[in-house]
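> Sharing a structure below in structure tokens format, with a few things to ask.
We did not get these values from a lab; they are worked out from the coordinates using the rules stated. Bear in mind the structure is a predicted one, so any value in this text is a computation, not a measurement. All Cβ positions, glycine included, derive from the backbone under ideal geometry; neighbour counts span all protein chains shown.
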Amino acid sequence: MAIVLDAVSAPPVPTLGGGWTLRQAGDPAGVSRAALSVSVPDTRTTARTYAATCDGGPAILLEIHRVPHHTLRACYPFGAHDLAVEVVLPAPGPSGQAPASRLLRELVPALFAADPRCRRVVAAPAEDDSPAQRALEAAGFRRVTEADLPGGTVVLFTAEPPAVAGVSTALDDMPH
């Protein structure tokens, strides 16, 4: 069975709580492009780009892609509704907690709520981007593997809804 790449619509529009505001945007002024993902999206993508702010804090650039239209599709057996996120990291706030981690903790459940058929949200920072990897881990993403993409080597991180993450993969639990 083949997966039809264009059968799924654009990424969902998440509704965030926790004081976060999303507005569709290009690169907000003053935000660097040291993104959580070095991969280059496919030209057929219908990505959504947002500037996210929380309580007047710095703008965080956020892009959401469908994995079937993103170069990450070569990294794992993706589902048609899987999503890839890319976030530009601003400096940590006065509390010392990175705003990107707080944003991702709010974003992931909102994406699963906006698209109940989504079984995985992935991110792929460069293998040498320790701050991005720490931000993803602090947000609850799990490190899965490394992969070579056209833009360089990345580390694949994933977040899954509890119904997917709770399924046992132990051989003893498989039907025989």
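> Once phi is turned into ³J(HN,Hα) by the Karplus curve 6.51 cos²θ - 1.76 cosθ + 1.60 with θ = phi - 60°, what whole-Hz value does each residue of the stretch 74-88 show in order, with x for glycine and proline?
Taking θ as phi minus 60°, the curve returns 7, 8, 7, x, 6, x, 4, 9, 4, 10, 10, 10, 10, 9, 8 Hz for the stretch 74-88.
> Quickly rank 48-61, 101-114 as a protection proxy: mean count of other C-beta atoms within 10 Å, highest first.
Peptide ranking by packing, descending: 101-114, 48-61.
> Another question, then. Quick one: Karplus J couplings for the stretch 11-21, per residue in order, coefficients 6.51, -1.76, 1.60, θ = phi - 60°, nearest Hz, x for Gly and Pro?
Computed from phi, the couplings for the stretch 11-21 are x, x, 9, x, 10, 9, x, x, x, 7, 10 Hz.
> If I take R0 = 25 Å and measure r between the Cβ atoms of Thr21 and Ala138 in this structure, what FRET efficiency does the formula 1/(1 + (r/R0)^6) give, to the nearest 0.05? Don't skip to the end; give the middle numbers.
Numbers: r = 21 Å, r/R0 = 0.85.
E between Thr21 and Ala138, to the nearest 0.05, is 0.70.
> Given a cut-off of under 8 Å on Cα pairs at least six residues apart, what relative contact order in percent is computed for the stretch 104-175?
It comes to 33 percent, rounded to a whole number.
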